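Here is the structure we will look at.
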Amino acid sequence: MPISGGVGASQVFSSASGGKVYGYNNINETTGRVVAPANPSRVKISFHNPGANDIFVAPVNVQNVLGTSPTNPSDAVLVLSNAALGGSRRVYGNGGTLDITGECQGAWQALAVTGAGTTNPLTVMDSNYA
């Protein structure tokens, strides 16, 4: 007997998990904090900044080239700071949104722009379905 069901019904089988939403109100300007853990099933991650100050988001690990061979990269921890923003993307304040699809399964971190203080909001949505 085949399995059947309507859209969203309990018998619908999919890799989608319904999405995970993370809400923060304490992104600071001095130390990057993890805002989404690694998820090997992630297809899309969205960052929304409802606050007034810009926020930088970046993967926790980036590719570093070992020695002089650009064909031998490896994971390296990215220590995000306002003095070293390479590897990050800016999510503008007052409603800015950034969607990343595809190769985004690793953990993600966030840091507020210099002068923003310690109470900046950020909403993160992690989806296993594009």
Discussion item. Using protein chains only and a probe of 1.4 angstrom, how many square angstrom of Phe47 are accessible, to the nearest 10?
Written reply: 0
Fill in: Accessible-area value, Thr114, 1.4 Å probe, nucleic acids and ligands omitted, Å²
100
Practice prompt. Take the alpha carbon atoms of region 19-130, find their radius of gyration, then divide it by 2.2 N^0.38 Å using N residues; give the quotient.
Written response: 1.07
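On a 1.4 Å probe surface of the protein chains, which of Asp75, Asp99 comes out largest in accessible area, and what is the full order? Spell out each step's value before the answer.
Details: Asp75 110, Asp99 85 Å².
My answer, sorted largest first, is Asp75, Asp99.
The values are calculated or read from the model by the stated rules, or taken from the named source; none is laboratory data. Only a predicted model underlies this, so the values are computations on that prediction, with no experimental measurement involved. Areas reflect the complete protein model, heavy atoms only, side chains present, ligands, DNA and RNA absent. Shrake-Rupley method; radii C 1.70, N 1.55, O 1.52, S 1.80 Å.
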